[in-house]
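**Q** Take a look at the following structure, please.
The values are calculated or read from the model by the stated rules, or taken from the named source; none is laboratory data. What you see is a predicted model, and the numbers here were worked out from it, not measured in a lab. Positions of Cβ are generated from backbone atoms using ideal geometry, with glycine treated the same way; all protein chains shown enter the neighbour counts. These area figures cover heavy atoms from the full protein model, side chains too; ligands, DNA and RNA do not enter into them. Shrake-Rupley method; radii C 1.70, N 1.55, O 1.52, S 1.80 Å.
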Amino acid sequence: MTRRRILSIVFLSIVLIPITAILYHRLVAAISSLGKSSIAHMATPSSPPVIVVGAGLAGLSAAYSALQAGAPAVRLLERAPKPGGNSIKASSGINGAPTRFQNAAKHGVDESFWDDTVRSAGTRLHASSVAEAVRSHRQGLISTLTGRSASAIDFLVDLGVDLSVVAQLGGHSKPRTHRGAGKTPPGAAIITTLLNKLKEQHADRFELLTGAEVTKLITEEERVTGVEYRTTTATTTTTTTDAAANATTTTTTTHTLHGPVVFTTGGFGGDTHGLLAKYRPDLAGLPSTNDPRPGAHSLLSAAGARLVDMESVQIHPTGFVDPASPGARVKFLAAELLRGEGGVLLHKGKRFVNELETRERVSEEVMKLPSLEEGGLRQWDVQMVLDPGAAEAAAGHVGFYLWKGLLRKTKVKDLDETTRQTLLEYAAVVRGETKDPFGRVAFGRWKLGLEGGTGPEEDAEVCIGRVTPIVHFTMGGAVFNERAQVLASEMGDEEKPIPGLWAAGEITGGIHGDNRLGGSSLLECVVFGRIAGEQAANAALERGKLG
Ligand code: FAD
Ligand code: SIN
């Protein structure tokens, strides 16, 4: 071989081939990114709509992101007469970390959200019997949830939701639950903003149909291709001038709709006599924060989905017992932020728990106390006390609870002696003079006894209300993955996504394990709702290309 030939081979392999490879890769990347952006606008007349089932936060997030991703249309089907589901009732806020609203100067940069969530998941994640593949699946979901939390907050704030106030809820090691500064509770603020944006920005491609109950997922060769839903119309035949005597007939019509499906029908905490009685008959006697309504889990199972963790039902420690109707099954929640901002829990005038432990632990401690039978329900007699600092920090909520008669104001000097003594001792803990026997280390904005020196000011006003443990949230649901695909395989087995079907929100299972942290449900709705919507939009566009 001549010297010149050897030199040209060396030149080729060292210089030309890598350069060609780099250029080739750049070209491929450019072509595929061109493809992506053009796919987003390539809806063809045969592109089906994305079908979203359930108009709570997960459904609205999915609908919005599907439209942003170029879905030809979104049909949002909602069984109730109004959208919002349980999401619209959310009272404490949505988690995110690290965000610009957190006080990093005071608390340090928040890097512990993943750890707190993993810890809170308990035995479902940590028991020695848990297979490695299951653990890794659960941890993957938690990584997606916490890792995308800051961008979920940005997404909502960019839409115009105020999330500038941050509180520390139970089981969290830092304040990271975001809400607005005004009177509108976070659930209502988020839902109304998203609905308005959907209507304003996507009026031509977005349709919300209320009173539309999905009764079946249509499958063809193990692929979900659409839904069956029913609507009911009432017709009054006018035969007399007496309106009450005219006959009203109702007609139920069944419809079919084809397209990729995002399933966001929420949990079963309000399905007292159905799924709750099946999976947790022991909880049937407890009140609930959830709207009474049947779970839709069987529709997913019929399409091949697996369910997981169905026995893990969250008991929130503080549902308000309304003195005017103590036996009411559906109760207002005493939002956890009341404890986060400083509220304490007393039984017979004494504290008995670290109020900022996880819900699971606080509820356990309450339920060790003697219970009462009221209106056929099992309830407890625990008082929540807010000092002026906590009441001021949660003023929007407190005003509403006072107006509803769920909280009442009283002066410190009018409290019974045991309660006064408890507040005196607690103030010393907050001042840092003594250690809390229950291990509480975050005190929110409690100020009673801090300014006056040794104890509570006698003329200061505190707010008091009775609370009881209450069925609140269902951790179990459909097995799904980080791409929000619903799986026909058990968690930990080789994944078998059901083509054409995604899910998000409380209907899904596996993220929270034994216990969900406060503020992480709204978060899962936004994080996985957005993922599901985008995936379903891409599927609709792909189907359109096939004609
Ligand atoms: P939902 O909001 O419940 O929406 C599901 C919708 O699907 C409903 O409108 C339902 O009617 C509809 N649907 C069901 N079946 C069908 C069907 N077959 N066909 C058509 N439609 C159907 N979480 C937080 O993170 N932070 C909080 O501060 C907070 N506060 C809360 C306060 C209260 C009082 C309650 C009850 C819950 C709170 N939660 C909070 C929990 C959280 O609000 C819910 O878990 C979450 O919003 C569930 O959202 P989702 O979209 O999955 O379901
Ligand atoms: C609450 O306000 O206490 C509910 C918060 C939640 O469920 O995440």
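**Q** Per residue, how big is the convex hull of region 145-270 when only Cα atoms are used? Give it in Å³.
**A** 243
**Q** Evaluate Rg over Rh across region 486-528, taking Cα atoms for both radii and Kirkwood's formula for Rh.
**A** Result: Rg/Rh = 1.01.
**Q** Counting only C-alpha contacts under 8 Å and six or more residues apart, can you give the relative contact order of region 313-473 as a whole percent?
**A** Dividing the mean separation by the residue count of region 313-473 yields 38 percent.
**Q** Step through the table entries K197/K404; K350/K435; K348/K435; K216/K496; K174/K404; K348/K413, compare each Cα-Cα distance with 26 Å, and write down the pairs that go over it.
**A** Violating the 26 Å limit, Cα to Cα: K197/K404; K174/K404.
**Q** Could I ask something else about it? Restricting to Cα pairs below 8 Å that are 6+ residues apart, what does the relative contact order work out to for region 470-532? Please round to a whole percent.
**A** Relative contact order comes out at 38 percent.
**Q** On to the next question. Expressed as an acute angle from 0 to 90° and rounded to the nearest 10, what is the orientation of the C-alpha long axis of helix 520-546 relative to the principal long axis of the chain?
**A** That works out to roughly 20 degrees.
**Q** Continuing with this model, one more query. Please calculate how many Å² of accessible area region 64-187 carries per residue, with a 1.4 Å probe and no DNA, RNA or ligand atoms counted.
**A** I get 40 Å² per residue for this part.
**Q** Pull up the DSSP beta bridges for the chain and report the antiparallel fraction as a percent, rounded to 5.
**A** Around 75 percent antiparallel, to the nearest 5.
**Q** Of V161, Q201, S149, which is farthest towards the positive pole of region 146-206's charge dipole, taken about the Cα centre with +1 and -1 on the beta-carbons of Lys, Arg and Asp, Glu respectively?
**A** The one lying farthest along the dipole's positive direction is S149.
**Q** Can you give me the angle between helix 57-68 and the longest principal axis of the chain, using Cα atoms only, in degrees from 0 to 90, rounded to the nearest 10?
**A** Approximately 30 degrees, to the nearest 10.
**Q** Run the quick spin-label model on S325 and H255: label points 7 Å from Cα toward the beta carbon, then report their separation in nm to one decimal.
**A** Those two pseudo-labels are separated by 3.3 nm.
**Q** Can you give me the accessible area per residue for region 313-473, using a 1.4 Å probe, in Å²?
**A** So region 313-473 comes to 42 Å² accessible per residue, rounded to a whole number.
**Q** Same structure, new question: log₁₀ I(q)/I(0) of region 53-139 at q = 0.15, 0.19, 0.22, 0.24 Å⁻¹, via Debye over equal Cα point scatterers, no solvent, to two decimals?
**A** -0.94, -1.00, -1.00, -1.03
**Q** Right, something else. For the chain, restrict the atom set to alpha-carbon positions and state the Rg and Dmax in Å.
**A** Radius of gyration, then largest Cα-Cα span, for the chain: 26.9, 111 Å.
**Q** Still on this structure: Counting Lys +1, Arg +1, Asp -1, Glu -1, what net charge surrounds T422 among other residues with beta carbon under 14 Å of its beta carbon?
**A** Combined, the nearby Lys, Arg, Asp and Glu give -1.
**Q** Show that you can apply the helix-only estimate: for the chain, add -39,500 (n - 2.57) for every DSSP H stretch of four or more residues, divide by all residues, and state [θ] at 222 nm to the nearest 500.
**A** My calculation for the chain gives -10000 deg cm²/dmol from helical runs alone.
**Q** In whole Å, largest first, what are the principal axis extents of the Cα atoms in region 82-195?
**A** 46, 41, 22
**Q** In whole percent, and with a 1.4 Å probe on the protein chains, what portion of the accessible area of the chain is carbon and sulfur?
**A** Looking at the chain in its full context, I get 54 percent from C and S.
**Q** Using the Kirkwood formula on the Cα atoms of region 313-473, what hydrodynamic radius do you get, in angstrom to one decimal?
**A** With all distinct Cα pairs of region 313-473 included, I get 15.8 Å.
**Q** Please give the charge dipole size of the chain, origin at the Cα centre, charges +1 on K and R Cβ atoms and -1 on D and E Cβ atoms. Round to the nearest 20 debye.
**A** 1380
**Q** Looking at region 211-284, what % of the alpha carbon pairs are farther apart than 15 Å?
**A** Roughly 71 percent, rounded to a whole number.
**Q** For the Cα atoms of the chain, what angle does the longest principal axis make with the long axis of helix 186-201, in degrees from 0 to 90, nearest 10?
**A** The answer is roughly 30 degrees.
**Q** Please work out, to two decimal places, the log10 of the ratio I(q)/I(0) at q = 0.09, 0.12, 0.21 Å⁻¹ from a Debye calculation in which every Cα of region 263-368 carries one identical scatterer.
**A** With one equal scatterer per Cα and no solvent, log10 I(q)/I(0) is -0.29, -0.50, -1.21.
**Q** Moving to a separate point now. List the pair-distance distribution P(r) of region 424-519, using every Cα-Cα distance, as the percent of pairs falling in each 10 Å bin from 0 up to the bin containing the longest distance, rounded to whole percents.
**A** Bins of 10 Å from zero give 13, 26, 18, 15, 16, 10, 2 percent of pairs.
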